[in-house]
Amino acid sequence: MSLQAAEFFAELCLPFHDHTVVGNTYFAVPIPDAPLRMRIDFTVTIHADTYGGLRVTVVHPERGEIDAVALSFVDHGTFHRRDEATNTRPNTKQYGTFDTYHRPGRPPWDGAVTTGLRDAIEQYTAVWFPGAWAASRPRLAVGRTPRSTPTQPATPVVGRTR
């Protein structure tokens with residue numbers, strides 16, 4: 001069965017205008033006319049056709065791979081809700097992963113919450129591609145609200161004596 005990688009990466013809503021998906025790999029040019037490129041692959045597990053995260057790689061056309069980071073679905077809560085709802089236990093094949101076998105009409109990653117992955121990709125690419133995410137600002141991740149900062153009391157508080 002198909003992994004439907006193009007749909008998965010579309011759901012991530014990455015802001016790079018110059019990108020394509022070839023097979024199961026996402027390629028992007030985050031900064032136009034810059035030599036560095038980005039590649040995102042699914043990371044495999046020890047189980048056949050089962051994926052446990054993403055591997056984000058910075059690639060130079062002449063020098064090859066410059067840097068990479070593995071982002072696991074477990075660490076970024078991608079399938080936390082699904083696994084809680086289905087009582088999937090840690091250290092099982094299905095926990096925090098997805099495979100190519102799925103219900104008809106549903107994507108293989110059904111139940112995924114991609115906010116944590118997207119935030120991690122944003123943090124990583126901000127180091128290598130400063131300003132590449134500026135086009136997608138301002139934004140708030142789904143399910144997040146702005147944090148309010150505590151305010152100072154209107155009148156000074158007099159210290160207590162002991």
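The values are calculated or read from the model by the stated rules, or taken from the named source; none is laboratory data. As the structure is a computational prediction, the values presented were derived from the model and not from experiment. A quick note on method: Cβ atoms are made from the backbone with ideal geometry, for glycine too, and the neighbour counts reach across all protein chains shown.
Of the residues making up the stretch 98-112, those that are within 16 Å of the chain's Cα centre (by Cα) and surrounded by fewer than 17 Cβ atoms within 10 Å (Cβ to Cβ) are ASP110, GLY111. As a summary of the residue check, PHE9 satisfies the conditions (1) buried (at least 16 other Cβ atoms within 10 Å of the Cβ); (2) at pLDDT below 90; (3) not charged (D, E, K, R) except for the one numbered (2). Taken together, VAL44, VAL22, VAL56 contain a single residue that is in contact (Cβ under 8 Å) with a residue 40 or more places away in the chain, aliphatic (A, V, I, L, M) and out of contact with any Cys (no Cβ under 7 Å at 6 or more places or on another chain), which is VAL56.
Within the stretch 1-25, how many residues are assigned to a loop (DSSP other than H, G, I, E, B) and either aromatic (Phe, Trp, Tyr) or within 13 Å of PHE98 (Cβ to Cβ) (or both)? First the steps, then the outcome.
Filtering the stretch 1-25 for residues assigned to a loop (DSSP other than H, G, I, E, B) gives 1-4, 13-18, 23-24.
After this cut, where a residue has to be either aromatic (Phe, Trp, Tyr) or within 13 Å of PHE98 (Cβ to Cβ) (or both) as well, the list is 1-4, 16, 24.
Of the residues in that region, 6 qualify.
Note on the stretch 51-73: residues that are touching an Asp or Glu at 6+ places or on another chain (Cβ under 9 Å) and either at pLDDT below 90 or of a type in the set (Gly, Ala, Ser) (or both) amount to 2.
Do we find that VAL56 is over 15 Å from the mean Cα position of the chain (by Cα) and aliphatic (A, V, I, L, M) in this structure?
Numbers: over 15 Å from the mean Cα position of the chain (by Cα): no; aliphatic (A, V, I, L, M): yes.
Criteria not met by VAL56.
Restricting attention to the stretch 12-52, and to residues there that are in contact with a strand residue (DSSP E or B) (Cβ under 8 Å, 6 or more places away or on another chain) and either of a type in the set (Asp, Glu) or on the phi > 0 side of the Ramachandran plot (or both), which single residue is surrounded by the most Cβ atoms within 10 Å (Cβ to Cβ)? Among them, the one singled out is ASP41. Considering the stretch 26-49, the residues that are under 18 Å from ALA6 (Cβ atoms) and in a loop (DSSP other than H, G, I, E, B) include one that is nearest to the chain's Cα centre (by Cα), namely VAL29.
For the stretch 62-76, a tally of residues being assigned to a strand (DSSP E or B), of a type outside the set (S, T, N, Q) and on the phi < 0 side of the Ramachandran plot returns 7.
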